[in-house]
Amino acid sequence: MIVTTSSHPSKAVLEGASRLADEFSAVYATRRNHSLKKLMEQHNDPKLLVVSDHDLRYYDGQEPPLYFHPSMAFVRIKRLRKGESDPMLDVSGCAPGDHVLDCTAGLASDAFVFSYAVGPQGKVTALESEPVLAAIIREGMRLYDTGFEDANEALRRIEVRSEDHRETLGLLPDNSYDIVYFDPMFRKPIEQSSSLQPLRSLANHHELLAVSVHEARRVARKAVVLKEHKDSPEFERLGFKRVHVNTSKIAYGVIRP
């Protein structure tokens, strides 16, 4: 993999690129006036991380690149700011001050909503097993500006760990989080969700294991929650009570330990 910068990088961007190159044992390539395509050709490598003042973007030879953007999560945050409800929060019973473990962070949209809901006294830990994806959301949440200070603070409070929940859950003490959350890549993809297409090439596609749910029940004080396609058989397979969400192709499942 190659790590480079945007054109005319600041000192902070140069330092960030150098740090990421070390983190991934990647080739650091000075941008100069080279196009990204030229850098890929020079180093014979289609995988490229581009550091800028605004985000971290991952290219793998296909368009569009993958980068952090809150997308629909920001719409949900705006609704919460107006005092409206959110289905995920209702199903989970999430409340201010709660500690939430998001076991499958992806682009961290749900972690963002949880973080806003639990507030400054709460805690959200987001686990992402794919190191590059973990770096993208970690750096993106550090830099992204929503235009709302309370939303920015919610982003910055999320602790991102590059860890596989299948290993981490077994190491956690009993009742150490209020909510344990799973949003694995759907067994039946929602093809219309174009915003997720760049994620699919990088994300972990392993199915959720029954042993992971068993450990989650031990770790969670209030609820274990699964997000899946509304017609998914995963709810029954893993022992979740399915909760349909109206006007949506997704549903949530819940287990109360």
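None of the figures in this text is laboratory data; all of them are computed from the coordinates on show. None of these values were measured; they are calculated from a predicted model. Ideal geometry is used to build each Cβ from the backbone, glycine not excepted, and the neighbour counts take in all protein chains shown.
Structure notes:
- Residue ranges 206-215, 156-165 sort as 156-165, 206-215 when ordered by packing (mean number of other C-beta atoms within 10 Å per residue, highest first).
- All lysines inside 27 Å of residue 78 as judged from Cα atoms, apart from same-chain residues fewer than 8 positions distant: 123, 222, 227, 230, 249
- Only one of (1) 7, 30, 34, 20, 8, 1; (2) 6, 23, 31, 23, 11, 4, 1, 0, 0; (3) 7, 22, 26, 22, 13, 5, 2, 1, 1, 0 was calculated from the structure for P(r) over Cα pairs in 10 Å bins from 0, in percent, and its label is (1).
- Cα centroid of the stretch 221-257 to Cα centroid of the stretch 118-146, whole Å: 24 Å
- Per-residue packing, averaged as other Cβ atoms within 10 Å, sorts the ranges 50-60, 104-114, 80-90 into the order 104-114, 50-60, 80-90, beginning with the highest.
- Rel. contact order, % - alpha carbon contacts under 8 angstrom, at least six apart, the stretch 2-53: 56 percent
- The modelled label-to-label distance for the pair residue 43/residue 30, using points 7 Å beyond Cα in the direction of Cβ, is 1.5 nm.
- Relative contact order of the stretch 66-150, taken over Cα pairs closer than 8 Å and 6 or more residues apart, is 34 percent.
- Taking all Cα pairs closer than 8 Å and separated by 6 or more residues, the relative contact order of the chain comes to 15 percent.
- Within the chain: Cβ-based charge dipole about Cα centre, in debye rounded to nearest 20 (Lys, Arg +1; Asp, Glu -1): 380 debye
- DSSP-defined beta bridges in the chain - what % are antiparallel, rounded to 5: 40 percent
- With Cα atoms, 0 to 90° folded angle of helix 131-143 axis to the chain main axis: 90 degrees
- Taking the fewest neighbouring Cβ atoms within 10 Å as the starting point, the ordered list for 136, 250 is 250, 136.
- Rounded to whole numbers, the Karplus 3J(HN,Hα) couplings from phi for the stretch 229-234 are 4, 4, 9, 5, x, 4 Hz, using 6.51 cos²θ - 1.76 cosθ + 1.60 with θ = phi - 60°, and x at Gly and Pro.
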